[in-house]
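Here the structure comes first, spelled out in structure tokens, and everything after it is commentary.
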Amino acid sequence: MKAELSQRSSDRPEPLAISPMGHADITDVLAIERASFVTTWPSDAFYNELHTNKLAHYYVGRVDGKIVAYGGIWVIFEDSHITTIAVAPAMRGRRYGETLLLYLLDEAIARGASWMTLEVRESNVGAQQLYRKYGFTTVTTRKGYYSDNNENALVMWAGNLKGELFRARLEALRARLA
């Protein structure tokens, strides 16, 4: 499945084309991973997610054919979890992360999820604001979750993904994004 979600930003004429991540994409994904996070996943983690974890669903976002973003979810019955999401530093601020988040939510719902969780650094206020915009609330804190600096993680949760109110929120946000 491939989705093209166009943006209205005049400084970004090309839409983000989202498609399932493949083995050949891992090198480009790892480059974004290293540029985005202090502690990174090893390449075999992405390989294992793609080839052995039946609950995992990973996607890449391309602009002009070049991978500029990626994200992944696990879906376990009605539970879904964003495992990772990142945009190449040079491509940030163009709403590609928001486009990918919306896509991950759509995929989770299509796969039967009723709620979604994620962890985010306490210091990553920008990401928290985006998640709140999409209906996530902070439910707990995981003390010392990040091994690089012992920073806490906020656990955020969005519920009733299949409900009318949540769907209306997504449609309104999708319209604004388009």
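The values are calculated or read from the model by the stated rules, or taken from the named source; none is laboratory data. The shown structure was predicted, so the numbers you read here are calculated from the model rather than taken from an experiment. Please note: Cβ atoms are built from the backbone with ideal geometry, for glycine as well, and neighbour counts cover all protein chains shown.
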Residues that are out of contact with any helix residue (DSSP H, G or I) (no Cβ under 8 Å at 6 or more places or on another chain) and surrounded by 13 or more Cβ atoms within 10 Å (Cβ to Cβ), drawn from region 65-75: Trp74
Give the residues of region 136-178 that are basic (Lys, Arg), part of a loop (DSSP other than H, G, I, E, B) and within 26 Å of Phe77 (Cβ to Cβ), sorted by residue number. Lys162
It is to be established whether one or more residues within region 125-140 are surrounded by 14 or more Cβ atoms within 10 Å (Cβ to Cβ), farther than 29 Å from Ala31 by Cα and either in contact with a helix residue (DSSP H, G or I) (Cβ under 7 Å, 6 or more places away or on another chain) or charged (D, E, K, R) (or both). yes
Scan region 42-64 residue by residue and report those that are touching a helix residue (DSSP H, G or I) at 6+ places or on another chain (Cβ under 9 Å), closer than 20 Å to His81 by Cα and crowded, with 17+ Cβ neighbours inside 10 Å. Phe46, Leu50, Ala56, His57, Tyr58, Tyr59, Val60, Gly61
Return yes when Leu165 is within 18 Å of the chain's Cα centre (by Cα) and either closer than 30 Å to Ala17 by Cβ or at pLDDT 95 or above (or both) and no when it is not. no
